[in-house]
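Just below is one structure, and these are the notes that go with it.
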Amino acid sequence: MRGLSVVPLALVLAVTLVGCSDGGDEAAPSSSAPTSVAPDGPGAPSATPDAGGVDAPIAQEDIPGCEEIDAVLLAALPAGSTADAAGQSFDDPSVDVEGSCGYRANGALVQVTVSAIPFTDDELAALSTGPTVRASATGDAAGLLVMTSDEMGDDAEWLNGSVLAFDGAVSVSITARDQGGERTVVPEALTIGAATDAAVAVHDLVG
């Protein structure tokens, strides 16, 4: 199986596939498809550099920039929240087509990551039965699967980990982190429901 150590994706998919919560470190997600690769030239993914690889499902220029994502996240976060490039420090070098943006809210960092990671229909069907899958009207309307990093509570509770909205090509995660980069609760900043809606809205920005 393919391994990609995506920071928010890793925990979410690993938890789903093994049916248990993590202990803090985020393990690599798995999919039967090989690792995706970086685009080579405008508009199209490159050929794979190693045997058995697959093309990235979208090109880097299809990933929305932070200027576009700002409008979604700053509307979801409390007044006074600001964009912060620190979120980009959590990019995963093993995922070639990816972009991250960060936001400061009540002293914590809220990170948004958009990653081009392919999943087959069979993989999506298997993931949809996991214990951390969440019902989401906005996700369903957009044709996305919504999951969390742990079995979280109601949508009205504060985000205390990662929310992920994804399809067979693009994954969007929103993760709350403390100053040191560990996952944390962001009180009075972003609820689980608001994070879910924001992840779906960011996914809609993908070109």
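Scanning the range 79-99 for residues that are part of a strand (DSSP E or B) and polar (S, T, N, Q) yields a single hit, Thr82. The set of residues from the range 168-194 being closer than 17 Å to Ala135 by Cα and more than 11 Å from the chain's Cα centre (by Cα) comprises Thr191, Ile192, Gly193, Ala194. For the range 147-171, how many residues meet the condition of being more than 23 Å from Ala59 (Cα to Cα) and surrounded by fewer than 24 Cβ atoms within 10 Å (Cβ to Cβ)? Summing the residues that are more than 23 Å from Ala59 (Cα to Cα) and surrounded by fewer than 24 Cβ atoms within 10 Å (Cβ to Cβ) in the range 147-171 gives 10.
If you go through the range 106-121 and pick out every residue that is in contact (Cβ under 8 Å) with a residue 60 or more places away in the chain, more than 16 Å from the chain's Cα centre (by Cα) and more than 19 Å from Gly161 (Cβ to Cβ), you end up with 1.
Any read-out appearing in this document is the output of simple, stated calculations on the displayed coordinates, not a laboratory observation. Computed from a predicted structure; not experimentally measured. We place every Cβ from the backbone using ideal geometry, glycine too, and count neighbours over all the protein chains shown.
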